[in-house]
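Participant: Quick one: the structure is below, and I'll ask about it shortly.
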């Protein structure tokens, strides 16, 4: 791996972790709204899908291991999918002149996967093996997932919008940022 | 910022255990927890984990601050769960559509105990292992060295970034920006003037670090040498063998229906 890639992975992961750590309380279950997704989408928009997936997954998991370790397996998968899908969409439409529209679609696709992963984790994985009684409906464990669902949407949309605006501004201020892409 | 590095420098038996043993144990504990449904077994495991946490010599303040989000999620889970799971008798409360039954409450309690056990397992790993040792443990377990050094860089830079964000927030506050007041939209919008300089600093850090690594010949010699290496003792090997055996036995016996716990 080149020194530049090592630096991107290291600093990108630290940035995702730092922005995941800072936040303010709104979500009833996870406790806080954080800006981690802003960094994940920013890396996906400017660097690449692998970097967004790895920095997003590792950075957010580091913080989850400290604050809410039971979410760490879901976070590892959710953030990796989010970064990878958003980054891949950017690469697919890299020639497009409508950058804002492509970035919006990219964060919507990545964010949807993140929301779906947390939903499935809270609905099916957390209560795994507790439904051996045939009288219990498959939907019995959906409560915590539904409680968190709107807040995860808010998290993805707010961070996506901020990331799109931020990327535009930073690309204008630092044109050299384009060199980070392979 | 103190929460980011929760390592407690003590001389407990768990501090001396090889990081690989602790990483493997935490991962297996997480997996096994999803197979346990019996409340007595879960409670016993939870108490055992608390004894292990206590044996690390951590003070109550660090311990409780690490658990507040876990406790918060557990409480909400216990409240929300009976809305959708109303199977069983007796009904404990009858409040229109909210009719929590005893079996449903016990199922919610089982999940709450699961998440406390998982949290305790990972907390022990983080309380008793230095960042450097943790990364060496992952590299020894097969993580490519390049990703290991990236993880080291991330853990090294994380407190720096948090300090930088605090400084930027204070600088912007002195100009009249309020990043910690108002409704959700206002607070999120007011973070943008904090995020822009943070990203600019991160971008400069990538450039500087990349040049520093390049100038030191990073990657020129693929064979790595280490100033301080970690080595498994006989006790560490026995511990890994025991933990893997117990975890495998538990999962296999549960999947095959041999044991019900």
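The values are calculated or read from the model by the stated rules, or taken from the named source; none is laboratory data. Worth saying up front: this structure is predicted, and the values here are computed from it rather than measured. No Cβ is skipped: glycine too gets one built from the backbone with ideal geometry, and neighbour counts run over all protein chains shown.
Participant: Could you please find all residues in the range B:1-42 being within 16 Å of residue B:62 (Cα to Cα), touching a residue at least 40 places away in the same chain (Cβ under 8 Å) and under 17 Å from the mean Cα position of the chain (by Cα)?
Facilitator: Within the range B:1-42, B:1, B:3, B:4, B:5, B:6, B:7, B:8 meet the criteria.
Participant: Could you identify the single residue in B:132, B:163 that is at pLDDT below 90, within 30 Å of residue B:208 (Cβ to Cβ) and assigned to a helix (DSSP H, G or I)?
Facilitator: B:132
Participant: Among the residues of the range B:173-189, count how many are under 26 Å from residue A:62 (Cβ atoms) and part of a helix (DSSP H, G or I).
Facilitator: The qualifying residues number 3.
Participant: Taking the range B:126-150, which residues are at the interface with chain A (Cβ under 8 Å from one of its Cβ atoms) and either over 21 Å from residue B:222 (Cβ atoms) or under 15 Å from the mean Cα position of the chain (by Cα) (or both)?
Facilitator: The one that is at the interface with chain A (Cβ under 8 Å from one of its Cβ atoms) and either over 21 Å from residue B:222 (Cβ atoms) or under 15 Å from the mean Cα position of the chain (by Cα) (or both): B:126.
Participant: Take the range B:46-78 and flag every residue that is more than 9 Å from every other protein chain (Cβ to nearest Cβ), surrounded by 14 or more Cβ atoms within 10 Å (Cβ to Cβ) and over 18 Å from the mean Cα position of the chain (by Cα).
Facilitator: Hits for the range B:46-78 are B:55, B:57, B:78.
Participant: Related question: Scan (1) closer than 30 Å to residue B:165 by Cα; (2) in contact with a helix residue (DSSP H, G or I) (Cβ under 7 Å, 6 or more places away or on another chain); (3) in a loop (DSSP other than H, G, I, E, B) for the single condition residue B:12 breaks and write down its number.
Facilitator: Here residue B:12 meets the rest and fails (1).
Participant: Suppose we keep only residues that are in a helix (DSSP H, G or I) and within 7 Å of chain A (Cβ to nearest Cβ) within the range B:190-202. Which one would you say is modelled with the lowest pLDDT?
Facilitator: The qualifying residue modelled with the lowest pLDDT is B:192.
Participant: Would the range A:137-160 turn up any residue that is more than 22 Å from the chain's Cα centre (by Cα), at the interface with chain B (Cβ under 10 Å from one of its Cβ atoms) and in a loop (DSSP other than H, G, I, E, B)?
Facilitator: yes
Participant: Answer yes if at least one residue in the range B:80-88 is on the phi > 0 side of the Ramachandran plot, out of contact with any helix residue (DSSP H, G or I) (no Cβ under 6 Å at 6 or more places or on another chain) and either free of Cβ contacts under 8 Å to residues at least 40 places away in the same chain or assigned to a loop (DSSP other than H, G, I, E, B) (or both), and no otherwise.
Facilitator: The answer is no, given that none of the residues of the range B:80-88 is on the phi > 0 side of the Ramachandran plot, out of contact with any helix residue (DSSP H, G or I) (no Cβ under 6 Å at 6 or more places or on another chain) and either free of Cβ contacts under 8 Å to residues at least 40 places away in the same chain or assigned to a loop (DSSP other than H, G, I, E, B) (or both).
Participant: Now, a different point. It is to be established whether one or more residues within the range B:205-214 are under 30 Å from residue A:153 (Cβ atoms), within 10 Å of chain A (Cβ to nearest Cβ), touching a helix residue (DSSP H, G or I) at 6+ places or on another chain (Cβ under 9 Å) and surrounded by 15 or more Cβ atoms within 10 Å (Cβ to Cβ).
Facilitator: The answer is no, given that none of the residues of the range B:205-214 is under 30 Å from residue A:153 (Cβ atoms), within 10 Å of chain A (Cβ to nearest Cβ), touching a helix residue (DSSP H, G or I) at 6+ places or on another chain (Cβ under 9 Å) and surrounded by 15 or more Cβ atoms within 10 Å (Cβ to Cβ).
Participant: So residue B:222 passes all but one of these: (1) within 22 Å of the chain's Cα centre (by Cα); (2) within 11 Å of chain A (Cβ to nearest Cβ). Which condition number does it fail?
Facilitator: That leaves (1) as the condition not met.
Participant: Could you tell me whether residue B:25 is out of contact with any strand residue (DSSP E or B) (no Cβ under 7 Å at 6 or more places or on another chain) and at pLDDT 90 or above?
Facilitator: yes
Participant: Restricting the search to the range B:165-191, which residues are surrounded by fewer than 16 Cβ atoms within 10 Å (Cβ to Cβ), under 29 Å from the mean Cα position of the chain (by Cα) and within 17 Å of residue A:24 (Cβ to Cβ)?
Facilitator: B:166, B:180, B:184
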